[in-house]
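What follows is one structure encoded as structure tokens, with my remarks underneath.
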């Protein structure tokens, strides 16, 4: 028995240490390297999106904006081409389809389609709301457009909702490592969480 007690005590001591280490590792906050940029969206157009249509060439109509209808269609000059399905397509796909339709009637008329779309930012941000999307927007630029963080913002824990999925990204890491500054896309919903302390 004199040999069993010390070995049992040592074994129990090691078991307790192992449990403490496991709990500590499991409970510690996620480090910056655990936050990766989410995959880009399909970026498909949907009803309610606003598009800027530009024409170039002889007799080109003036630039104008058009909103995708509830049926998913848009109507653009010339009238001969009729309504075109925009919903579910990317900007490039839609532009190519319109150009193909126009070429049947006007060979020298070129079309350009660009989007006037928005992203959303809320939570611990000075000017939350719906903001117009700019090309090649990043997380830090989006936060700056929203008036920057409040004093209570948790810069390590930014929630990004994209196409129905929620991701966690780290703005503090992006400040130190610009290559970690994730791209933001139209319709993204950025939620800046509040610090616990």
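Residue count for segment 50-69 satisfying the condition of being part of a loop (DSSP other than H, G, I, E, B) and within 24 Å of the chain's Cα centre (by Cα): 2.
Within segment 79-90, the presence of at least one residue that is surrounded by 15 or more Cβ atoms within 10 Å (Cβ to Cβ), in contact (Cβ under 8 Å) with a residue 24 or more places away in the chain, closer than 26 Å to residue 188 by Cα and touching a helix residue (DSSP H, G or I) at 6+ places or on another chain (Cβ under 9 Å) is confirmed.
Any residue that is under 28 Å from residue 67 (Cβ atoms) and within 14 Å of the chain's Cα centre (by Cα) - is there at least one of those in segment 96-113? Within segment 96-113, none of the residues are under 28 Å from residue 67 (Cβ atoms) and within 14 Å of the chain's Cα centre (by Cα). Residue count for segment 127-147 satisfying the condition of being surrounded by 13 or more Cβ atoms within 10 Å (Cβ to Cβ) and more than 17 Å from the chain's Cα centre (by Cα): 1. Filtered by the rule that a residue be out of contact with any strand residue (DSSP E or B) (no Cβ under 8 Å at 6 or more places or on another chain) and in a loop (DSSP other than H, G, I, E, B), segment 80-126 gives 82, 88, 89, 90, 104, 105, 106, 107, 108. Among the residues of segment 176-186, is there at least one that is within 29 Å of residue 65 (Cβ to Cβ), in a helix (DSSP H, G or I) and out of contact with any strand residue (DSSP E or B) (no Cβ under 9 Å at 6 or more places or on another chain)? Taking every residue of segment 176-186 in turn, none turns out to be within 29 Å of residue 65 (Cβ to Cβ), in a helix (DSSP H, G or I) and out of contact with any strand residue (DSSP E or B) (no Cβ under 9 Å at 6 or more places or on another chain).
All of the numbers you see were taken from the coordinates with simple rules; none came from a lab. Everything quoted here is computed from the prediction, not taken from an experiment. Positions of Cβ are backbone-derived with ideal geometry, glycine not excepted, and every protein chain shown enters the neighbour counts.
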